[in-house]
6 protein chains.
Amino acid sequence: MRLDGRQPNELRAMTITPNYIKHAEGSVLIEVGETKVICTATVEERVPPFMKGQGKGWVTAEYSMLPRATQVRNQREAARGKLGGRTMEIQRLIGRALRSVVNLEALGERSITLDCDVIQADGGTRTTSITGAFVAMTLAMAKLVKDGKLKVIPITDFLASVSVGVVNDKAYLDLKYEEDSSAKVDMNVVMTGTGKFVELQGTGEESPFTHSELDTLIKLAQQGIQQMVAEQQKALGEELTARIGKGQAE
Amino acid sequence: MRLDGRQPNELRAMTITPNYIKHAEGSVLIEVGETKVICTATVEERVPPFMKGQGKGWVTAEYSMLPRATQVRNQREAARGKLGGRTMEIQRLIGRALRSVVNLEALGERSITLDCDVIQADGGTRTTSITGAFVAMTLAMAKLVKDGKLKVIPITDFLASVSVGVVNDKAYLDLKYEEDSSAKVDMNVVMTGTGKFVELQGTGEESPFTHSELDTLIKLAQQGIQQMVAEQQKALGEELTARIGKGQAE
Amino acid sequence: MRLDGRQPNELRAMTITPNYIKHAEGSVLIEVGETKVICTATVEERVPPFMKGQGKGWVTAEYSMLPRATQVRNQREAARGKLGGRTMEIQRLIGRALRSVVNLEALGERSITLDCDVIQADGGTRTTSITGAFVAMTLAMAKLVKDGKLKVIPITDFLASVSVGVVNDKAYLDLKYEEDSSAKVDMNVVMTGTGKFVELQGTGEESPFTHSELDTLIKLAQQGIQQMVAEQQKALGEELTARIGKGQAE
Amino acid sequence: MRLDGRQPNELRAMTITPNYIKHAEGSVLIEVGETKVICTATVEERVPPFMKGQGKGWVTAEYSMLPRATQVRNQREAARGKLGGRTMEIQRLIGRALRSVVNLEALGERSITLDCDVIQADGGTRTTSITGAFVAMTLAMAKLVKDGKLKVIPITDFLASVSVGVVNDKAYLDLKYEEDSSAKVDMNVVMTGTGKFVELQGTGEESPFTHSELDTLIKLAQQGIQQMVAEQQKALGEELTARIGKGQAE
Amino acid sequence: MRLDGRQPNELRAMTITPNYIKHAEGSVLIEVGETKVICTATVEERVPPFMKGQGKGWVTAEYSMLPRATQVRNQREAARGKLGGRTMEIQRLIGRALRSVVNLEALGERSITLDCDVIQADGGTRTTSITGAFVAMTLAMAKLVKDGKLKVIPITDFLASVSVGVVNDKAYLDLKYEEDSSAKVDMNVVMTGTGKFVELQGTGEESPFTHSELDTLIKLAQQGIQQMVAEQQKALGEELTARIGKGQAE
Amino acid sequence: MRLDGRQPNELRAMTITPNYIKHAEGSVLIEVGETKVICTATVEERVPPFMKGQGKGWVTAEYSMLPRATQVRNQREAARGKLGGRTMEIQRLIGRALRSVVNLEALGERSITLDCDVIQADGGTRTTSITGAFVAMTLAMAKLVKDGKLKVIPITDFLASVSVGVVNDKAYLDLKYEEDSSAKVDMNVVMTGTGKFVELQGTGEESPFTHSELDTLIKLAQQGIQQMVAEQQKALGEELTARIGKGQAE
């Protein structure tokens, strides 16, 4: 039995509150167990210098934790004067993952910045950020369509993410903080709604793992992500859900 | 008539949700109109180097806005690699204001850091931060008493803050963003529960003001702050309210 | 009796030496008691990016102290790699105060930077900087008129600043360092030549203050600033003095 | 046929020159095709603050590229004043990978820093760094044994790394730069000498991939890493090779 | 004839005002022509970490220019967030030069920091800083003797510095800004009172120079420095002058 | 007799390997005794902002040491977030020295950046960098001629550099690390192939030196540099050697 009474293959309770921040073009508060992340999507009618003049758009992400999102207070990166390696790694991952389901040509020369701010952390903040940012991005693109700037939502598939790991020699889905801290193997998986891998990051710093353990973990993740996509669809509503992946194959 | 239908001397609706973040020793979500700030209080059993060995505690504050708390996205200070002047000015103000009602000797050699993170901004973010941080700090100190580390809550008085200003030649209480932007005179006032001034910062960059205008603004602020203190007392409850300012005169 | 034998409402001796630095368009050495500040005004035929294309000018300020301006040596901010909060707060104040008496439209798309460098500090460095910077700015604008770039000096009024405070339960004008350190209430006031407030920053971190104490302090400041303006006029000379505030109402 | 005439499952030529830098406790020049990396191992008789007093050692890594290791010159991170996200991500990966085969208790309270400096880049710089750093670390530990500071080399297994990817719909081993740039799926794999996974980082930003494609790539990597370990053993010599993984199971 | 009417081997007018800044243990305002530098000497009863426990003292220097010391305003290094290469080069030179005439063992475990702040620049700011800093340092050491912390002034010889250069094919002593800008060869020389070289930095970026040209320049410098030392002695007075170099041979 | 058995006027063994890095327009590995430096020359078809529109080119340099080039590991400047004073001083010297033999007008509006990365240090890293960078720069310019972008190599003379010093009261040529550390006088000399001085930096921090000692050192350097130029010519080959200094007098 797990710490919070879950089955090994059971997700934590998940809630997505759309339009949580009034100024953003798209936003959600996503809660996965006690992990809470505010995701906002900002649309800007320009692209970064390295993308200029290609007729394509850009999607990027930033990630941060409030100082007291964690059990012990973390010094602000703004006060330290630089981003830490973990932050950079996570925000590169979020951006890369989201771009994998966006048709950048169809987006046109504009950029969408996903800000993922963890206000309370209990494991899985990067995977929760991806899952929430996908919804915020979709809402922002739906607004672009509504405002007449785009004809269709340039998203090719749903996208969600979950962690899996080996804890006490058992494969667990969706690790909370205490599980994550004691996991021998730890893996973050990002998949599309149609079940393909976008990112796979597995680490066995504590204990190397076999090909067969890898398979078990991957299947757990696959199942969890399907449920997460269903939650995303509930939050977006039937009408918006139906407009994703329609006629925008890259 | 004001933009949102308020009377000149009318505060916006105000909600304080205590214990909003589970890890912090004290925390609130404070909402004043559409301005929303998460305030957490972190207790650490040490003081900064310049305070060591004096047998006294320390109270300090940090302030930040999420990038999309505002109408237009602001670049993160962590990404820019340094805190802006406005941020530094505000966090110095919050810390100074809170220290004015804390008996630092009675607190003992420990420090309390108030983190004020604006998740949605609509004017008055610094004054709202002070009003919310006071409650978060009180909750953290009550926990210190409960844990047997302090005998009484070392707070000498209530403390709240509000903005006032001259907009269209009229004196207004509690400016929202559009009012603040067009104010000729803009003043932030911090007062104690017993009606004394702790901070007074008035600026007439657009138009210098007279002694008589100053008096009018100050009286408006005084009245608003009394109502805010009543809200703080409601959020803290009768029992905690009764323990503030008891027998800890400096 | 005060430390240096002054009456409570007595300013320190004040000297303004115009044209102290040969390269600057305007400059002074201002001495208020033992506080000495070099103020230079630099004119540049461009405005910062956020002001471009508005047909208006800009006035801004920078403030610094030499490492040994103080009793104990301060590390250089250049060596630390960033500006401190106190520096930022002060330079924002100086810039804001000076802009309040400049007609930016009449200045045209050019900017004036006031550099206030404290070479010796004995209390009141920010107020002395404002008082000195006003004269340096006026000299630089007079040069613009002389060079045919402006028709009139686009300054609407005189401007000076002084500190007041409550020390040993007495209200004192123009605090020197030891008085400032032991003040229960400390206030910096910026006023125009015609007696209106531009900035009012009062702090009672040590002891909250009443409305009536506020009134006493403000009146002290008002009287001191009138004397300071007289010194500015003496430094500028009759002819230049007569050209300030003439026909440039905003 | 691949650009350089290799078979899909063929590694590039690989050379490891031990003791390349005379000052370091361990060092190699590793060349994989045209990618060349200098790896040095520095032993210090102290651990970082967060490891103090635990009786354990620490292994960490830093990674950099000379400005002209690449086709176009890259600005130095020292000149830019901060490490980029890619650099941080890579050096975290190298350190984590190496720690997975070190018995930190047996190492004792000392630290080993692996510096991986790419002097010429042609794809696979992070995997080449790991493969080379393993040898440099082993040499440094052998020196600790020789100097009487350790009884045995506290390494539990060999460790090497290679990239694999899908290029033109074919699975390729050990991508050179042009292949890497056009890969639809790109994966870095770190494995032990006994064939277990330590790190698996797969990205399908250009095109999501299936479980079956994942299997194909992983098998390619497994085969390549076995050959790389053989090269490491050749560079270390029979005697040293025989001393790795002997009696130091964690 | 030179721009300002001087002979090729003629120094500019030079004035040294001792005790210019009241807080510093030693200070001067040094003026060489229109170049003006404030030099302060700060004594601290500690040495930097790398000098600890050696029973020796340390002498170091920092150099800066006010933004408007020059014809065109320079951005502050504090605002840019880092020291420029020129600044670092100069402050390393000043510290090294001064240490060459100090008996660090006799100074004891304390440090002297020379701050050289250029308030007006007209060529020769680094050489003027050295010449002035020598006097400020001497005054600070005399104070240490007076306070009973040292028995003798631990200075082994006088020290001054001047620039020489080839301008319009003529060798000139003590270049002012316009001469310096057009010099084909430019050399800064630091010498002791007894005529030995401490630093020699000659640059022929515009035009390489011969051994014979070098000799001419060096002799010019030698003569100028003798006159400068005489000025230093005048500023220090006979009594202090007599105490330098007495019985403290290293 | 010297530590490594050399005569006082004997250079260490010197090897220059041209075209060491395949991506750079010009590159060498230069070894002087155990000091090893990789020098690359990067050509870019643009000049820095301050050189724009003058029809002239620019030559600049950057210098760095790998962390373990030295006996004790040095922290990376990229990790510290800024360049040290020594690095800045050296790279300014290298750039200035090389520019002295380049006809910038003939180079045209393009820039050449010399990166000098010390992979192993044993004294004389800055002089070795200059000597190597000269060859890398020449190779890059020969490529510009070959590519039809220039008609002749715009270099006016050969250029090399060596250190000399007084060690144990003897004048030595080409100091290795231990000699350099114990030298009383230390001088770096940069000369042209025709025997003129470009840079002369002598320091007697440990012991001031006389004009006659200076002469002795300079003659040693002159002789050493002639031998170094011969090595440069050998590395470049007869044909290229013959094309340097031909018809490009400034």
Find all pairs meeting these conditions: Cβ atoms under 6 angstrom apart; at least six residues apart or on different chains; first residue within region C:66-92 and within 14 Å of chain B (Cβ to nearest Cβ); second residue open to solvent by 20 Å² or more (accessible area, probe 1.4 Å) and of a type in the set (A, V, I, L, M, F, W, C).
C:E77/C:L83; C:A78/E:L83; C:G85/B:M88; C:M88/B:M88
Output the residues belonging to region D:195-206 that are in contact (Cβ under 8 Å) with a residue 40 or more places away in the chain and either under 28 Å from A:I155 (Cβ atoms) or open to solvent by 20 Å² or more (accessible area, probe 1.4 Å) (or both).
D:Q201
Residue check, E:L150 open to solvent by 10 Å² or more (accessible area, probe 1.4 Å), part of a helix (DSSP H, G or I) and out of contact with any Ser or Thr (no Cβ under 6 Å at 6 or more places or on another chain):
no
So, in region D:177-207, exactly how many residues are at the interface with another protein chain (Cβ under 7 Å from one of its Cβ atoms) and at pLDDT 95 or above?
9
Against the condition of a type in the set (D, E) and either buried (at least 21 other Cβ atoms within 10 Å of the Cβ) or within 10 Å of another protein chain (Cβ to nearest Cβ) (or both), how does D:D174 come out, does it pass?
yes
Check off (1) within 13 Å of chain F (Cβ to nearest Cβ); (2) in contact with a helix residue (DSSP H, G or I) (Cβ under 6 Å, 6 or more places away or on another chain); (3) at pLDDT below 95 for E:F158 and give me the number that stays unchecked.
(3)
For region C:49-101, enumerate the residues that are touching a strand residue (DSSP E or B) at 6+ places or on another chain (Cβ under 7 Å) and among the polar types (S, T, N, Q).
C:T60, C:S64, C:N74, C:T87, C:Q91, C:S100
Every residue from region D:24-48 that is at the interface with another protein chain (Cβ under 9 Å from one of its Cβ atoms) and under 16 Å from D:L175 (Cβ atoms):
D:E34
Which of the residues belonging to region A:191-250 are under 28 Å from D:L217 (Cα atoms), in a helix (DSSP H, G or I) and among the hydrophobic types (A, V, I, L, M, F, W, C)?
A:L214, A:L217, A:I218, A:L220, A:A221, A:I225, A:M228, A:V229
State whether one or more residues within region C:183-193 are of a type in the set (S, T, N, Q) and touching a strand residue (DSSP E or B) at 6+ places or on another chain (Cβ under 6 Å).
yes
Show the residue pairs that are 6+ apart or on different chains and have beta-carbon atoms under 6 Å apart, the first residue being within region D:142-167 and within 30 Å of D:G224 (Cα to Cα), the second being of a type in the set (K, R).
D:I153/D:R243; D:V166/D:K184
Filter pass, B:V28 being surrounded by 24 or more Cβ atoms within 10 Å (Cβ to Cβ), closer than 27 Å to B:E231 by Cβ, modelled with pLDDT of 95 or more and of a type outside the set (F, W, Y)
yes
Quick one: how many residues across region D:153-171 are buried (at least 18 other Cβ atoms within 10 Å of the Cβ) and assigned to a loop (DSSP other than H, G, I, E, B)?
5
Can you report the number of residues in region E:1-23 which are within 13 Å of chain C (Cβ to nearest Cβ) and farther than 21 Å from E:S161 by Cβ?
4
Hey, can you tell me all the residues within region B:119-133 that are within 14 Å of chain C (Cβ to nearest Cβ) and either over 20 Å from B:F197 (Cβ atoms) or open to solvent by less than 10 Å² (accessible area, probe 1.4 Å) (or both)?
B:I130
Which is among the charged types (D, E, K, R) and under 13 Å from the mean Cα position of the chain (by Cα), of C:K82, C:K52, C:K36, C:K56?
C:K36
Within the bounds of region F:219-226, is there any residue that is in contact with a helix residue (DSSP H, G or I) (Cβ under 9 Å, 6 or more places away or on another chain), in contact (Cβ under 8 Å) with a residue 40 or more places away in the chain and surrounded by 20 or more Cβ atoms within 10 Å (Cβ to Cβ)?
yes
Apart from one, (1) out of contact with any Pro (no Cβ under 6 Å at 6 or more places or on another chain); (2) of a type outside the set (A, V, I, L, M, F, W, C); (3) in contact (Cβ under 8 Å) with a residue 12 or more places away in the chain all hold for C:D115; the odd one out is (1)
Quick check, is C:M137 within 18 Å of B:Q201 (Cβ to Cβ), within 14 Å of another protein chain (Cβ to nearest Cβ) and either in a helix (DSSP H, G or I) or without any contact (Cβ under 8 Å) to a residue 40 or more places away in the chain (or both)?
no
Of residues in region E:208-218 being free of Cβ contacts under 8 Å to residues at least 40 places away in the same chain, out of contact with any Lys or Arg (no Cβ under 9 Å at 6 or more places or on another chain) and open to solvent by 10 Å² or more (accessible area, probe 1.4 Å), the one farthest from the other protein chains (Cβ to nearest Cβ):
E:S212
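The values are calculated or read from the model by the stated rules, or taken from the named source; none is laboratory data. Bear in mind the structure is a predicted one, so any value in this text is a computation, not a measurement. Heads up, the Cβs are rebuilt from the backbone with ideal geometry, glycines too, and the neighbour counts pull from every protein chain shown. Please note that ligands, DNA and RNA were not included when accessible areas were found on the heavy atoms of the full protein model with its side chains. Shrake-Rupley method; radii C 1.70, N 1.55, O 1.52, S 1.80 Å.
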